[in-house]
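Read the structure below first, then the notes.
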Amino acid sequence: MLLQQNWVSPLWAWQSLGKSFLLFVFLMLQTADLEARRGHQFVWRTGHWGRCVGDCGSGGTRSRAIWCTHTEGWTSHHANCDQKEKPESHRRCFKVCDWHLELFEWEVSGWGTCVPGGEAGACVTAQHGLQRRSARCLQKLNRSTVASEICEHLAPRPPLEQACLVPCPRDCVVSDFSAWSQCGGGCARTMRHRTRTVVAPPLYGGAPCPNLTESRLCEMAACPLGEEEHIYSLKVGPWGECRLPHHDDAMAAERAVLDFGTDSGEPSMSWLEGHKAHHHAREVQVGYQSRPVRCVRSDGKNVVLSLCVQDAVPLTFKSCVIAKDCETSEWSAWSACSQTCSWGELAPGFRSRRRGVQSLAVGTGKLCPELEEREACSAGGRELLQPCPRFSWRTSEWKACQVSLLLDQQDPRHHKHAGLCGGGIQTREVYCVQITVEVEMHRLKEVSRPVDGKFCLGPAPSASQLCNLPCPSECEVSAWSVWGPCVPENCQDRQGRRGFKMRQRHVIMDPVGLSAGCPHLVESIPCEDPVCYEWIISEGICVTDHGKCGLGNRILKTVCKNKKGEEVPHRLCSEYPRPEVMACEIPCATDCVISEWSQWSPCSHSCSSKNAEGSQSRSRSILALPAEGGKACPPDRVLQEHRACNDHPCVHFYWETSPWSSCSEDSLVALNATFSWSGEATCGVGIQTRKVSCMKSSSGHVTPKRCPDSTRPETVRPCLLLCKKDCIVTPFSEWTRCPTACQPGNATAVKQSRYRIIIQDAANGGHACPDTLYEERECEDIPICPVYRWKTHRWSHCILVPDSVRQGVLGYNEACGHGLQSRAVTCLSETSESADVTECMRWAGPMPPLVQECLVPCKDDCTFTPWSKFTACSFDCESTKTRRRSLTGRSRKRDKCQNTEVYPQVETELCPCEVFTSQPHGNWSDCIIGGGKSEPQSGMRSHGDTKECGEGIRLRAIACYDKTGRLVDPSHCSSSGYIEESCTVPCPFDCKLSDWSTWTPCSSSCGTGVKVRSKWLKEKPYNGGRPCPKLDLKNQVYEAVPCYTECNQYSWVVEPWSPCKINSEQNSLHCGEGIQTRKVRCVSAAEDHRGETVPNTLCNQAEIPDEVQKCSLYCPSECAVSDWGQWSTCPQVCDPNVVQTRTRQVLRSSINTKPCPEDSQVKPCILNQNCFQYQYNLTDWSTCQLSENATCGRGVRKRLLSCVRSDGRTVSARHCQQRHLEKPAEMSSECLVGCVVDCRLSAWSAWSQCSQTCGAGGQMVRGRAVLLQAEGEGRPCPAQLAQHRSCPVKPCYSWHLGPWSPCRLQGGQCGDGLQVRNLTCVVHDASVSATAKPVENALCAELPLKETVLQLPCSVPCPGDCHLTEWSEWSSCELTCIEGRSFETTGRQARSRAFVGQSPESPESCSGQVVETRPCSGGKCYDYLWKTSLWRDNVRTVWCQRSDGINVTGGCALQTKPAEVRHCSPACRKPFSYCTQRGVCGCERGYTEIMRSNGFLDYCMKVPGLEDKKADVKTIAGKNKPVNSKMHDIFKGWSIQPFNPDGKLKMWVYGVSASGFLIIAFLIFTSFLMCKKSKQHQSTPPQQKPLTLAYDGDIDM
């Protein structure tokens, strides 16, 4: 049991373990499956990238949304997707900002070729296609490619595709064939040929050109057997390679090489090679070269040489130089870049490297290659240079405004004087600076160092402008007020009994531009018993003590007021007695009645002096006489009172101030430096001081006690410290460049300079500007040009062809003839030391020749001494120079050598002639005022020194020729190369007016008026001067301004009325009605003449007071009343319903019961009668008024104010002021008088270099710029801102290539030879019609390019050889056109060469042709049309013709080609019919055509009577064809034959005719009956179809 349990436990454990393991495996599999399923079912999805955000440049970022989605489309958690495959959500980007417009741009390539598209079909004119191009975004500075989205933000991407047209393929077009060539004479078989040329090459895939040659055999009689005619020609081959003789060649000295022909067994002589070459020890090896010579027959076979050679055998060998190529050293290292920065593709920097020459080319060896190589610094993928700085214009601050610059234009001779103001001109410096760009940060960094202005693109900023200098104006003050009361200086602290009377005035307009301020505004006079406060008394009614009349008291009302008239507390007046009552009296019924006191009269003097004191008076009058027992009237002396007035002395005192000192720092003023004053930031606050002193009006300085301290001006005030402005100058410019090329050792020292510009002048104590603005120094380390020279060694002996070669040829056994000799050439330095050959090639000019031809005379040749030197020339132009030589040795005894025509012993040449003639060339130049000499002027002159008109010169270039007509330097004919002629540029004169006259008086004595001033014409303008302003008939111009005259300038003054005068004769009581008088006079109200009597005419006559009036002296018993008081005022708005009143008081009641007169009166307020309304009246604005010292600029315009009553009358302004009417706010305003500014130009620049270095047609130009445009009526800028003149005609020297010579065979008749041309130095004037004349080669300096070929191999065909014809002429220029319009701007033209064969045996060996095309301009559009001849036997000729009349092959469309053979349609299948030339079917002779109604042939009918005899029948048959046809017999009985065989009519014809007649008669009768019955018009019966009979015979019917 235990054992069983023990066994079971492991089993159970094993089973449990197995189940767990299986479960684990199952879970792992499930997990893996889920992972796999999840990996396949969940994928990442991304949104679009957002906009780039962040800082400008490469520091931006952009983001996008990322999410995990199930394959079914729903979104899941990110954990379900594979994290390793998660896309990025952020990436760096380039943030584009608006200023990147200056840094980036699109670059587009050119459009590619047009690719046809669409369905393929027959091309009519052109096919539609598509062409593409590429675009990329570039950084402007270094032309590097950046992301396209940068440029897309700035500008849309350019289109990359566009539609295009491809013309249809055009086949090759050729001309007609030429005429056949002539056949040769004799019986030999020859060919003749004809050729044609290419008119237009094939284009756009057209068919190639056809064969240009046609050949055919000449029809000749066959030659008898064995007597064929042949032509034998000596054919020379090309020269072989130059070689040195081998040692083996010496063994073959006597060996002859035989060359047998292909068909004949005759030997032919070949050339022999030499044994040993002559070899120069140093540079040059001389060898020999040979060529084959053979005799050929016209059928191409080689034959024995003797059949061709009659005399000597042509040269088969000659000396030559062994070819040796130029050898160079290795390249040196690359030099530094020529630029330290990159300008892009427009101006790339270059670097170079060199290599030297180790050995020069000899003979026909390859010439030396280029010894210097250059490439762009950015080539080869190397690191790019930093971008170069850009350049921009900068300006200094404007200088002070100068009026004199403007006045100089109007009158250059005006006197300089101070006080000028108004419009002027101010200037500034304009210069160019460089701006660098930091590529990494994309920021602009400015360097203010000035550079040459040519670097700055675009127009420069203006260097001058109009400005305004404010005109100084003095302080304007008002009139003095009246003197005030006597007041103490300080009412709070009164000391003593001393005070001051004061009067004031105020500032109307502050001063401008003057150091002096306003005058004093307060004057004072010392006085005694000053009062600060006083009681102001207003009287009450009189209250009697007893009853209604008699003595009593008047109760007074008092108010305490200060000196300003303001009411103050009563306690301030407590020290003064306060009046409360005042005695008074009311007259009783019997008492005398006296009036109230009148007003005090004006004071007689304004001040008191020793000789005069002021006084004034007042009076009262008797109004009613007393009755008996009443109080009597006072005496006359009591009726008047007098008192002193203006008792103060005439001397007054005032405080005088000196001008304020300049603002200075003050340690006590502790204010912040940023303290704001007047709303502007300041540089601190300082103080200003001034002196104050008390002045007496008549004697000057007095003690300060005489002036009131309360009005003492301040002596210190705070002020704004003006900011210090230091002088600002630019850094010095770069030193001007020293020459980089080497200079000769004796050259003068070269200097370099630099400058700087003042941008801001010093002010307010700032650092002053430096004295040095320009510096100069000598250039250092200028390389001195090295001196090298060629040294030539002695010539070697003359080297001939080796003996072994020469002796093998018949007739050339003697060692003589032409050969070569060589020499060594070495390079020496200045110290005669050996140097590299490269140095001499660079510094010493071309290398002297190493080889030259020489001659070893043969024993039969004539020998001579060397030529002597030419004899000297005399100064005569007709003189000659000669040189001589003489015979030597045996030649002196030979007769042939004595022949001087063949062997001249004297040579004569003309001496050079120093006689020259000049000829004018080109047009006259503009009239040049100053700077007319041919030498350019350096520097710029100021505007003030520039003459614009007056006397000048004009120039005309000359061409100078020597006696032979060759152009020479113009200095031989004229020192300047010009003809000079005086000329005049008329000066403009402006309109001149006089100065302004004085102003007329104001036209109105009261209120506003007008005052006028004028100018008159002094000189009229001419020659384009400034025009005059608009003048009147008197040639005057006026200026009117409003003016104002105070209405109370003069006023009426009246004296008191006299006592009432009663006429005593009529009235014994001396009471009742009477008359009283007074004196009236006109006085001045002006300050300086106040109170003076003036004529009455100056006062307003309408307002003159009455001098006489009625009066009443009441009788004793009557009621006495006072005078009428003033009328009450009407309202401002007059209303008749409102009345005004006046009253009077009863002074004494009457004794009897008689009532007193009325005590009040009323009247309605009626407009313009007793009621008036007032308003301010404004004048128009005056013209703009300038200061006396200004001619233009800112001024002031004014308008005036007057008070006008409603009846239109101008009254004193106080009427409007009392009514507190609103005044207009602006009575004056600033205005601008436009300155008349002439166009201001810079000085003429220096004359430019000539546009051509030599020849005619060159131009020199100088220009000037507009500094200031014309303003107003100033002289406008001239249209001509540049002047031209022709350059002196200097000779042009150039190498001229002569024409190619015919092929030279050097003794042969055909074969290979040389074609040579000459290189000549010629002189000409570079014009189109110039004739070039040869001159010495030394004048042409450098030789032309190495590629210039002076000799070419050529060949002359032997009879029977194939050869190419000469080039045809270039065809006319033809454009590719679509529907008559040019498709391309350039056309094409072609030329061709055809192969011509002469041998009939192998014509196929002559094949091939050459066609050349080239672009051309000025082409035309041509049409190609088919042309046809007339038909002849249904055949015609059809050909193609171009629109210019040339017959061609090709060019016309084959689809539209007309038929050449004509066929009838439908075909002629009727019996006895055939096709005529007109293309229709006709009948044979003897038959007539029976036609259908549609015009086609129905059948052919035989003409009767033509079987046995010939009938005269007209047919349209074109041919006489035989009539024997079986078909004719078959249809013979079917035809309608009206004739019998004997020619008579058949019976049925008569029957048909009779029947037809009866039918016609019946029809006529029937028609008659119907018309008669119906009386209606019947239409004719329908037309019957006629029987078409084509018979046209002559037999009667």
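Some points to look at:
- Residues that are touching a Lys or Arg at 6+ places or on another chain (Cβ under 9 Å) and within 26 Å of S1058 (Cβ to Cβ) within the range 1114-1141 comprise Y1114, S1117, E1118, C1119, A1120, V1121, S1122, D1123, W1124, G1125, Q1126, W1127, listed in sequence order.
- In this structure, L138 does not satisfy being among the aliphatic types (A, V, I, L, M), outside any loop (DSSP other than H, G, I, E, B), free of Cβ contacts under 8 Å to residues at least 60 places away in the same chain and open to solvent by 50 Å² or more (accessible area, probe 1.4 Å).
- Some residue of the range 1276-1293 being within 26 Å of S918 (Cβ to Cβ), outside any strand (DSSP E or B) and either acidic (D, E) or open to solvent by 70 Å² or more (accessible area, probe 1.4 Å) (or both): no
- Some residue of the range 1312-1320 being of a type in the set (K, R), under 30 Å from G965 (Cα atoms) and either open to solvent by 50 Å² or more (accessible area, probe 1.4 Å) or at pLDDT below 85 (or both): yes
- Subset of the range 48-94 (residues that are within 18 Å of V146 (Cβ to Cβ) and either in a strand (DSSP E or B) or open to solvent by 70 Å² or more (accessible area, probe 1.4 Å) (or both)): R51, D55, G57, S58, G59, G60, T61, R62, R91, R92, C93, F94
- Among (1) open to solvent by 40 Å² or more (accessible area, probe 1.4 Å); (2) at pLDDT 85 or above; (3) in a loop (DSSP other than H, G, I, E, B) - the single one H1463 does not satisfy: (2)
Yes or no, residue by residue, for (1) open to solvent by 70 Å² or more (accessible area, probe 1.4 Å); (2) in contact with a Phe, Trp or Tyr (Cβ under 6 Å, 6 or more places away or on another chain); (3) closer than 30 Å to V173 by Cβ:
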site: Y1422; (1), (2), (3): no, no, yes
site: W1426; (1), (2), (3): no, no, yes
site: A1453; (1), (2), (3): no, no, yes
site: A1459; (1), (2), (3): no, no, yes
site: R1469; (1), (2), (3): yes, no, no
site: N1494; (1), (2), (3): yes, no, no
site: C1500; (1), (2), (3): no, yes, no
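- Taking every residue in the range 68-89 that is touching a residue at least 12 places away in the same chain (Cβ under 8 Å) and within 12 Å of T46 (Cβ to Cβ) and pairing it with any residue that is open to solvent by less than 40 Å² (accessible area, probe 1.4 Å) and of a type in the set (S, T, N, Q), at least 6 positions away or on another chain, the pairs with Cβ-Cβ distances below 6 Å are C68/S76.
- Taken over the range 866-894, the residue count meeting the criterion of being open to solvent by less than 50 Å² (accessible area, probe 1.4 Å), hydrophobic (A, V, I, L, M, F, W, C) and at pLDDT 85 or above is 1.
- Note on the range 1174-1188: residues that are polar (S, T, N, Q) and buried (at least 18 other Cβ atoms within 10 Å of the Cβ) amount to 3.
- Selection count, the range 1389-1420, where residues are at pLDDT 90 or above and open to solvent by 40 Å² or more (accessible area, probe 1.4 Å): 6
- Just so you know, in the range 1227-1240 the residues that are open to solvent by less than 100 Å² (accessible area, probe 1.4 Å) and not in a loop (DSSP other than H, G, I, E, B) include one that is farthest from V403 (Cα to Cα), and it is S1228.
- Entirely in the range 721-832, the strands (runs of 3 or more DSSP E) that have 2 or more residues that are open to solvent by 30 Å² or more (accessible area, probe 1.4 Å) and under 30 Å from Y431 (Cα atoms): 751-755, 758-760, 774-778
- Given (1) outside any loop (DSSP other than H, G, I, E, B); (2) loosely packed, with under 15 Cβ neighbours inside 10 Å, number of the condition P1224 does not satisfy: (1)
- Residues of the range 833-846 that are open to solvent by 60 Å² or more (accessible area, probe 1.4 Å), part of a loop (DSSP other than H, G, I, E, B) and in contact (Cβ under 8 Å) with a residue 24 or more places away in the chain: D836, P846.
- Considered as a group, the residues in the range 546-599 that are of a type in the set (D, E) and within 19 Å of R620 (Cα to Cα) include one that is surrounded by the fewest Cβ atoms within 10 Å (Cβ to Cβ), and that residue is E596.
- Residue in the range 598-621 that is over 30 Å from G484 (Cβ atoms) and part of a loop (DSSP other than H, G, I, E, B) present: yes
- Residues that are of a type outside the set (A, V, I, L, M) and modelled with pLDDT of 85 or more were ranked within the range 1202-1214; the one that is least open to solvent (accessible area, probe 1.4 Å) is C1203.
- Scope the range 387-408; condition part of a loop (DSSP other than H, G, I, E, B), of a type outside the set (F, W, Y) and either open to solvent by 70 Å² or more (accessible area, probe 1.4 Å) or over 18 Å from G1193 (Cα atoms) (or both); matching residues: C388, P389, S396, E397, K399, A400
- With respect to the conditions (1) touching a strand residue (DSSP E or B) at 6+ places or on another chain (Cβ under 6 Å); (2) under 30 Å from Q289 (Cβ atoms), D861 falls short on a single one, namely (1).
- Residue selected from the range 159-200 under the condition at pLDDT 90 or above and in contact with a Cys (Cβ under 9 Å, 6 or more places away or on another chain), by the criterion farthest from G110 (Cα to Cα): V174
- For the range 465-477, the criterion of a residue being in contact with a Phe, Trp or Tyr (Cβ under 7 Å, 6 or more places away or on another chain), small (G, A, S) and modelled with pLDDT of 80 or more is satisfied by no position.
- Cβ-Cβ under 6 Å pairs, at least 6 apart or on other chains, the range 1304-1329 side within 30 Å of P920 (Cα to Cα), far side among the polar types (S, T, N, Q): C1321/N1337
- Per the conditions (1) within 17 Å of C467 (Cα to Cα); (2) at pLDDT 85 or above, the sole criterion not satisfied by Q1175 is (1).
- Pairs with Cβ under 7 Å, 6+ apart, first in the range 302-331 and closer than 30 Å to S822 by Cβ, second in a loop (DSSP other than H, G, I, E, B) and hydroxyl-bearing (S, T, Y): A323/T364
- The listed residue being under 30 Å from G1408 (Cα atoms) and among the aromatic types (F, W, Y), out of W111, W180: W180
- Restricting the search to strands (runs of 3 or more DSSP E) fully inside the range 465-576 and requiring at least 1 residues that are closer than 30 Å to P659 by Cα gives 498-504, 507-509, 522-528.
- The single residue among G344, G365, G349 that is modelled with pLDDT under 80, open to solvent by less than 40 Å² (accessible area, probe 1.4 Å) and in contact with a Lys or Arg (Cβ under 7 Å, 6 or more places away or on another chain) turns out to be G344.
The values are calculated or read from the model by the stated rules, or taken from the named source; none is laboratory data. The structure presented is a predicted model; accordingly, all values stated were derived computationally and were not measured. Using ideal geometry, Cβ is built from the backbone for each residue, glycine included, and neighbour counts are taken over all protein chains shown. Please note that ligands, DNA and RNA were not included when accessible areas were found on the heavy atoms of the full protein model with its side chains. Shrake-Rupley method; radii C 1.70, N 1.55, O 1.52, S 1.80 Å.
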